[in-house]
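Reviewing the structure listed below.
What follows draws every value from the coordinates through simple rules; no lab data is involved. The structure presented is a predicted model; accordingly, all values stated were derived computationally and were not measured. Ideal geometry is used to build each Cβ from the backbone, glycine not excepted, and the neighbour counts take in all protein chains shown.
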Amino acid sequence: MTRLTNAPPSQAEVEEAAPRRGFLQALEIDLRVFGMVVALAIILIGFGFLTDGRFLRPVNMVNLAVQSVSVAIIATGMTMVIVAREIDLSVGSIVGVVGMTYAVLMARVLPDFLGFDHPLLWIVALAVGLALGAAIGAVQGFVVAYIGVPSFVVTLGGLLIFRGATWLVTRGVTISPVDPAFRMLGGGPQGSIGGTASWIVGGLACIGIAWLLASARRQRRRFGFPLRPMWAEALVGTFSSLAVLGLVWLFNSYKWPPGLAERYAAETGNPIPPDGLPAGIPWPVIVLIAVTLIMTFVATRRRYGRYVFAIGGNPEASQLAGINTRWTVMKTFILIGLLCAVSAAVATARLDGATLDLGEGYELYVIAASVIGGTSFSGGIGTIPGAVLGALVMSSLAYGLSFMGFSSPIQDIFAGVVLIIAVAFDTINRRRKA
Amino acid sequence: MKRNRYLIALLAVLAMIVAACGDDGGASDTTDGASDTTAASGDDVVVGISWNNYAQPRWAKADGPAIIEAVEAAGGTVIEKDANDSAEQQLADVDALIAEGADVLIILAKDAEAILPAVQRAKDAGVPVIGYDRLISDPEAFYITFNNQGVGTIMAEVITEAVPAGNYAIVKGHSADPNADFLREGMVELVDGNADINIVCEDYNDNWDTNNARNMMDACLAANDNEIDAVISENDSMATGVVAALDAVGLAGTVPVTGQDGDLPALNRVALGTQLVSVWKDAFGLGKTAGEVAIQLAQGVALEDVKAPDDLQEHVFPEAGVDAQTFDADGVEVWSIILKPTPITQDNLNLVIDLGWEPQDAVCDGVAPGSVEACG
């Protein structure tokens, strides 16, 4: 992959080297991810039609975004696991045991040392939970990578072990409520960053996009790769920025419910704007965006990420090429354990407590999201944004059907059909390319 | 998404292993029928209790101590065995209890049908059997339980009194669990039959899942512009999700929510005013009844002449009075005492505290002093 000559070619050479390409190729959009975005838009607009536009109101978009977060966070890790030709069935149980740990620490253990409402309370609980998630991942990863027990078996055992452990932590009793500051991670108007902060985040994102495009162009020129035509760069930059600002606008159009806004105004002394108090981007969505960015960076720009894809593509060749495959696989399990802990924080915060069934069935949703997002079970293929979009597609369907009053069995049927259709599309596509 | 197929397969393997062990236990047991058939007074009665799964907190907290207290008050003693949630182990446990000299058995059956061979052996040995909390499908087994069908009706009564008209949301339990439908049937007359009540959302929740309840409530609120006036949740853990959803739109405390089980978080919400009612089955009352009925049966009182303790507290007192009633369980008629479930609201919150179900400081956590009587 790396270019061996050091002398940068002249600009004329580069421009010449770029072959004439079609419109879409010139834009260099990942067609899979683009297709997912289109599918998501079709689902949303379809529900909009069926409900006379009521579905497209900001409150619904905010709800379904928040509902997808727990699954989407883990799906980014599951993509790496599946790409490395492994599987993790224990994610739901890890969410359960870590979620219960958060709740017990905040409600029972830590107040004895720190006192209730101590500002460090939730930070300590979060740190312990993240460490626990990573430790569970490390143990499972060690057994898979170094002892050689198939991951299906190890994590199937984990599914049972950690669900049992969840029960043992409290003997099945629900723990509620959690620390008020921690609850912000669950979203809702009080768990959102507010209107002004949302515009700032949006603005920073636009600057980030411009910087990324510019630096990518600089890099390509440096190494003599073909450049994207200037108009394509501008188009991609403009559209991405508009999409970001559109999303911020959407989140800001969701106003605090009047009663809640009045209470908030009375508490803080700030007046409510005449057209309502904008809620802004919910914290869980911020967490998901951060996780997606970091995971994408790790998967595509770090040596570890490249190794995972190499192992998935051909494990024997990667090992012969000197990659420490065992350590890489173990790291992948540590990563997904950590992500389960992040997801558990969001789920516990959203329910304002931990129940015995927290995270039950997640493994199936997470694997489905990852696979709908284009991850291949034969390994080596998958993208992080695809997995997040897969989770969004599933939660849009479930939320839309629930919004229209369809019962949960119908929602399950739809989820199953979409899963199969998405993978069928993928399979046909790949076969045609091959 | 339903239960995992592989989990079932694994459990099947486990069941086979346990079954093998259980058979051994049964085969080695040859000392059946060593006990006296009747005892003259309560003085030397030995009451055997076979628990299905004592690890669940409820039994150790309330039922067990209440039974022991009632039995010991009459001068008897108690021997116990726990089957760890295994129907096979429970068969062996019952054999062992009979062998150890139990005069009467209180059985919390894992399964209404699977326990029948053990009940037969008890009958052969002349030991009367009480089906505790869960039915045993044998006409000679006495049945002591709560009016489970009545729980849905009680929820409907309490919430329709608070909200006589308006938009209702109904959050039902697991669709494959008949209890979800029993509860719903109990509400039909008061809710569906009321022209002023408009049911705007209603759905099952797989596995009585809290997260599903939250998701459903989010969608329900959005679909109805937050114009929901009351929520009937069939249990407390789903109510946790419902109240979290209401809280996110500032309606927690304004929109009444039901539940059942008397879970600590739910009782705390009742104290805080974010949940209207948790229908609670007073396990102390159930245990006391079982203890006293056990003594009567051991003394040779016929099934139809058994009486519930007449000093049972008013909130659990059987609606049918102290006399044993017949109960029709899918064609099998058994003699029974059916206690009354108790709606716990802010007004009678002191009940759960006074009886020692949950401590006051936990129930009243975060409650402003003076706002709720039970919290002081």
P(r) over all Cα-Cα pairs of chain B, 20 Å bins from 0 to the longest distance, whole percent per bin, short to long, reads 27, 52, 21, 1
Once the mean 1/r over all distinct Cα pairs of the stretch A:274-366 is inverted, what Kirkwood radius in angstroms do you read off? 16.0 Å
Quick one: which residues, 5 or more positions from A:SER192 or on another chain, have an amide H under 5 Å from its amide H? H modelled 1.01 Å from N in the peptide plane, none for Pro or chain starts. A:TRP283
Estimated 222 nm signal from helices in the protein assembly as shown, with DSSP H stretches of n ≥ 4 weighted -39500 (n - 2.57), rounded to 500: -18000 deg cm²/dmol
Cα-based Kirkwood hydrodynamic radius, the stretch B:126-231, one decimal, Å: 15.6 Å
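Net charge near B:ALA73: determine it from the other residues with C-beta under 14 Å of the C-beta of B:ALA73, scoring Lys and Arg +1 and Asp and Glu -1. Before the final figure, lay out each step's value.
Numbers: positive: B:LYS288; negative: B:ASP43, B:GLU69, B:GLU72, B:GLU292, B:ASP311.
Neighbour charge sum, excluding B:ALA73 itself: -4.
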Rounded Å value of the spacing that divides the Cα centres of the stretch B:94-159 and the stretch B:188-211: 32 Å
Charge dipole of chain A built from unit charges on the beta carbon (Lys, Arg +1; Asp, Glu -1), centred at mean Cα; most positive-end Cα among A:ALA26, A:LEU120, A:SER176 is A:ALA26
What three numbers, in Å, describe the spread of the alpha carbons of the stretch B:290-376 along their principal axes, ordered from the longest? 52, 29, 18
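When the dipole is taken about the Cα centre of the stretch B:326-376, and only Lys, Arg (+1) and Asp, Glu (-1) are charged at their Cβ, what size is it in debye, to the nearest 20?
Numbers: 1 positive and 9 negative charges, 20 e Å.
Around 100 debye, computed over the stretch B:326-376.
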What spacing in nm lies between the two simple spin-label points modelled at A:TRP249 and A:VAL124, each 7 Å away from Cα in the Cβ direction? 4.7 nm
Can you compute the radius of gyration and Dmax for the stretch A:51-122, using only the Cα atoms, both in Å? 18.3, 54
What distance in nm separates the two pseudo spin-label positions at A:SER378 and B:ASN53, each 7 Å out from Cα along the beta-carbon direction? 4.3 nm
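Run the numbers for A:ALA181 and A:ALA41: contour at 0.36 nm per residue of separation, minus the present Cα-Cα distance, in nm. Don't skip to the answer; put the middle values down first.
On the way: separation 140, 0.36 × 140 = 50.40 nm, distance 3.41 nm.
In short, 47.0 nm is gained.
By the gyration tensor of its Cα atoms, with a ≥ b ≥ c the square roots of the eigenvalues, what is the shape of the stretch A:180-339: rounded for a/c under 1.5, prolate for a/b over b/c, or oblate? Mind dumping the intermediate values first?
Numbers: a/c = 4.31, a/b = 1.65, b/c = 2.62.
Since a/c reaches 1.5 but b/c is at least a/b, the shape of the stretch A:180-339 is classed as oblate.
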Could you check which residue among B:VAL188, B:VAL316, B:VAL71 shows the biggest mean-square fluctuation in a GNM of chain B with a 10 Å Cα cutoff? B:VAL188
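Note down the Stokes-Einstein diffusion coefficient of the stretch A:155-196 in µm²/s, whole number, using a Kirkwood radius over alpha carbon pairs, 37 °C, and 0.692 mPa s.
Numbers: Rh = 13.0 Å.
It diffuses with D of about 252 µm²/s by this estimate.
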Between the stretch B:265-299 and the stretch A:336-383, what is the separation of their alpha carbon centroids in Å? 38 Å
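When the convex hull of the C-alpha atoms of the stretch B:174-291 is computed, what volume per residue in Å³ does it have?
118 Å³
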From Cα pairs below 8 angstrom and at least 6 apart in sequence, can you work out the relative contact order of chain B, rounded to a whole percent? 17 percent
Amide H within-cut-off set for B:ILE106, under 5 Å, with H built and near neighbours excluded: B:GLY48, B:ILE49, B:SER50, B:ILE130
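Once you charge only the Cβ atoms, +1 for Lys and Arg and -1 for Asp and Glu, what is the size of the charge dipole of chain A about its Cα centre, to the nearest 20 debye? Walk me through the intermediate numbers first.
Values: 30 positive and 22 negative charges, 278 e Å.
It comes to approximately 1340 debye.
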Can you list residues whose amide H is under 5 Å from B:VAL171's amide H, if they're 5+ apart or on another chain and H is modeled 1.01 Å from N? B:ILE232, B:SER233, B:GLU234
Return the FRET efficiency for the residue pair A:MET230, A:ASP112: r is the Cβ-Cβ distance, R0 is 51 Å, and the value is rounded to the nearest 0.05. 0.20
Apply the Karplus curve 6.51 cos²θ - 1.76 cosθ + 1.60, θ = phi - 60°, to the phi angles in the stretch B:120-136 and return the couplings in whole Hz, x for Gly and Pro. 4, 5, 5, 5, 4, 8, x, 9, x, 10, 10, x, 9, 6, 10, 5, 10
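State the antiparallel share, in %, of DSSP beta bridges confined to the protein assembly as shown, rounding to the nearest 5. Don't jump to the answer; show the numbers that get you there.
Values: 12 of 46 bridges.
Of all bridge pairs located within the protein assembly as shown, approximately 25 percent are antiparallel.
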For the stretch A:92-105, in residue order, the Karplus 3J(HN,Hα) values (coefficients 6.51, -1.76, 1.60; θ = phi - 60°; whole Hz; Gly and Pro = x) are x, 6, 5, 4, x, 6, 6, x, 5, 4, 3, 5, 5, 4
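So, with +1 on the Cβ of K and R and -1 on the Cβ of D and E, and no other charges, what is the size of the charge dipole of the stretch A:308-401 about its Cα centre, to the nearest 20 debye?
On the way: 3 positive and 5 negative charges, 55 e Å.
Computed about the Cα centre, the dipole is about 260 debye.
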Got a sec to turn the phi values of the stretch A:167-175 into Karplus ³J(HN,Hα) couplings, 6.51 cos²θ - 1.76 cosθ + 1.60 with θ = phi - 60°, whole Hz, x for Gly and Pro? 5, 5, 4, 10, 6, x, 7, 6, 10
Excluding A:GLY46 itself, what net charge comes from residues whose Cβ is under 15 Å from its Cβ, given Lys and Arg +1 and Asp and Glu -1? 0
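Compute the projected area of the convex hull of the Cα atoms of the stretch A:341-434, averaged over all viewing directions, and report it in nm² to one decimal place.
On the way: hull surface 29.7 nm².
Projected area, direction-averaged: 7.4 nm².
Would you work out if chain A is rounded, prolate or oblate? Take a ≥ b ≥ c from the square roots of the eigenvalues of the alpha-carbon gyration tensor; rounded if a/c is under 1.5, else prolate when a/b is larger than b/c, oblate otherwise.
Details: a/c = 1.63, a/b = 1.19, b/c = 1.36.
Note, shape of chain A comes out oblate.
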Among B:ALA55, B:ALA239, B:ALA195, residue whose mean-square fluctuation peaks in a GNM of chain B (springs only between Cα atoms under 10 Å): B:ALA195
Which of rounded, prolate, oblate describes the stretch B:307-350, given a ≥ b ≥ c as roots of the alpha-carbon gyration tensor eigenvalues and a/c under 1.5 marking rounded, otherwise prolate only if a/b is larger than b/c? oblate
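Please compute, over every Cα-Cα pair in the stretch A:251-405, the percentage with a separation greater than 20 angstrom. List each step's numbers first, then the result.
Numbers: 7601 of 11935 pairs.
Summing the P(r) tail past 20 Å for the stretch A:251-405 gives 64 percent.
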Please list, or write none, the aspartates and glutamates whose alpha carbon is within less than 20 Å of the alpha carbon of A:LYS255, excluding same-chain residues fewer than 8 places away. A:GLU267, A:ASP275, B:ASP218, B:ASP225, B:GLU227, B:ASP247
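Evaluate Rg over Rh across the protein assembly as shown, taking Cα atoms for both radii and Kirkwood's formula for Rh. List each step's numbers first, then the result.
On the way: Rg = 30.4 Å, Rh = 29.4 Å.
Checking Rg against Rh, the ratio lands at 1.03.
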Once you've got the GNM for chain B with C-alpha springs shorter than 10 Å, pick whichever of B:ALA223, B:ALA112, B:ALA180 has the biggest mean-square fluctuation. B:ALA223
